[in-house]
Amino acid sequence: MQITAGEIRQALNRGEFRFFYQPKASFLTGQVSGAEALIRWQRDEKTIVAPDAFIPIAHAHGLVPEITQSMFPRLVEDFQRIRNVNEETTVALNITAQDLDTPRLLALVHAAVACGSISSRQLEIEITETGPISGSDITSGSLQELIREGVQLSMDDYGTGYSSLDSLNRFPFGAIKMDQSFVLRMLSSPKSTTLVKASVAMAQMLGLKTVIEGIETEGVYNTLLHCGCHEGQGYWISPPLAPDDYLDFLLADHRWPASPVGMLRMAQLSHNWQKTLLVDTVFAYIKSARSSELNLKGLHTSHAECSLGRWHCGLGRSFAGDPDYEALDIPHRAMHDICEEIFSVVNSQFSFAQLQRMLDDLTDHSNQVTASLQRLEARLLMEELSMGRGH
Ligand code: C2E
Ligand code: MG
Ligand code: MG
């Protein structure tokens, strides 16, 4: 029987909504990294209603903001208990575009962060595209405000909404959550596998994290292990759990296969991509007869700040002492130095031969970096194979 808006209002007044928590696993550590809060309607002791049965109706009647606002304190309360068991895990709340048009949710988030009930670093907000996200000033302001608070915004069900790419372009998302329909088809469709992996690569090039949901089998998990995706979620890892069961789950300290190869591959990909973009920008500048500014915003940074540099000084440090890890530092620094030279040369008189020499130099150093990364990758894959973790 169709649920009515009146029944939803009544359930709200009676406090019949609860959150279940679905754990997410980190592909890098193999441990629980956080959980997504998924609403349930506890109609009576035996009946639990899934959100697909009432959220669309609530949405049609403009009731979603009321639900979100009344549930946020519940999330914060649950989080206090979760934090006592695992200090580091995150929690993700689902909201819709309607929520962004009401300032009350922002006020609640702000108050919870300000009083330390939840750290903004541990709060993620998934925006479900039940409709296009309006570009209104209020919506954009709300998104910016959340980012300023330090909250991570994820685009949920990425790949299905007709405006996914447009929304990615317009709003400050920090992560995408691939729609499960692609993942569920992976076993039977190589094209879906490619789509998922290509989306992870695209997200990396845009500086976004990726979460993949709908992982129902070990095979799919292992297929995704090395693709550079950050986190996985799905029935194979765990179904959504009642709060007490989630706490038990955290205490049980589950482990899944983990690998540093994905992040290493992403560092490689960004490195090559960034070099290509830089060369493109320099050539466009020269072709335009230097009529516009040479705009290197986001492209050229110091060697420690580019994506490869961040990996080298961050996650990559776990390989300190490895000859290939150590060997990439010098050619990588040299690449940045050559770029500086190229930028200064194109702003003065230069010969084509001079530019060609510099580009050749850049390529030689880039190849050395790539060779080191690829050797390191091959060795890691072999190690995993010999430990029986490969596939
Ligand atoms: P979602 O945010 O994309 O959540 C993922 C849904 O996929 C959840 O369904 C989850 O139980 C299900 N799922 C998880 N792993 C697997 C898997 O391996 N295979 C398959 N086939 N399904 C899996 P659920 O809890 O029924 O939620 C459905 C949708 O309802 C959510 O999709 C979200 O759009 C919405 N929703 C849930 N909670 C809230 C909420 O608090 N507020 C709002 N506004 N929407 C919510
Ligand atoms: Mg979600
Ligand atoms: Mg989703």
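The values are calculated or read from the model by the stated rules, or taken from the named source; none is laboratory data. On a predicted model such as this, the values are computed, not experimentally measured, just so you know. Every residue, glycine as well, gets a Cβ built from its backbone with ideal geometry; the counts of neighbours run over all protein chains shown. These area figures cover heavy atoms from the full protein model, side chains too; ligands, DNA and RNA do not enter into them. Shrake-Rupley method; radii C 1.70, N 1.55, O 1.52, S 1.80 Å.
Worth pointing out:
- Counting only residues that are more than 14 Å from ligand 1 (Cβ to nearest atom), open to solvent by 30 Å² or more (accessible area, probe 1.4 Å) and part of a helix (DSSP H, G or I), segment 175-210 holds 9 of them.
- The single condition among (1) assigned to a loop (DSSP other than H, G, I, E, B); (2) within 16 Å of ligand 3 (Cβ to nearest atom); (3) small (G, A, S) that G30 does not satisfy is (2).
- Matching residues in segment 28-60 - criterion: being surrounded by fewer than 18 Cβ atoms within 10 Å (Cβ to Cβ), within 13 Å of ligand 2 (Cβ to nearest atom) and of a type in the set (D, E, K, R): D52
- Counting only helices (runs of 4 or more DSSP H) that sit completely within segment 268-378, those holding 3 or more residues that are surrounded by fewer than 17 Cβ atoms within 10 Å (Cβ to Cβ) and among the hydrophobic types (A, V, I, L, M, F, W, C) correspond to 329-346.
- Evaluation of D166 against the conditions (1) at pLDDT 95 or above; (2) outside any strand (DSSP E or B) shows that the sole unmet condition is (1).
- Only one of the listed residues (G219, G232, G228) is away from ligand 2 (no atom under 16 Å from the Cβ) and under 11 Å from the mean Cα position of the chain (by Cα). That residue is G228.
- Filter result (surrounded by fewer than 18 Cβ atoms within 10 Å (Cβ to Cβ) and more than 12 Å from ligand 1 (Cβ to nearest atom)) within segment 64-85: P73, E77, Q80, R81, R83, N84, V85
- Subset tally (residues that are under 21 Å from Q69 (Cβ atoms), within 16 Å of ligand 1 (Cβ to nearest atom) and basic (K, R)) for segment 10-42: 2
- Close pairs (9 angstrom Cβ cut-off, 6 or more residues apart or separate chains): in the same structural domain as G298 (by TED's automatic domain parsing) and free of Cβ contacts under 8 Å to residues at least 12 places away in the same chain in segment 268-285, open to solvent by 60 Å² or more (accessible area, probe 1.4 Å) and of a type in the set (S, T, Y) anywhere: A284/S292
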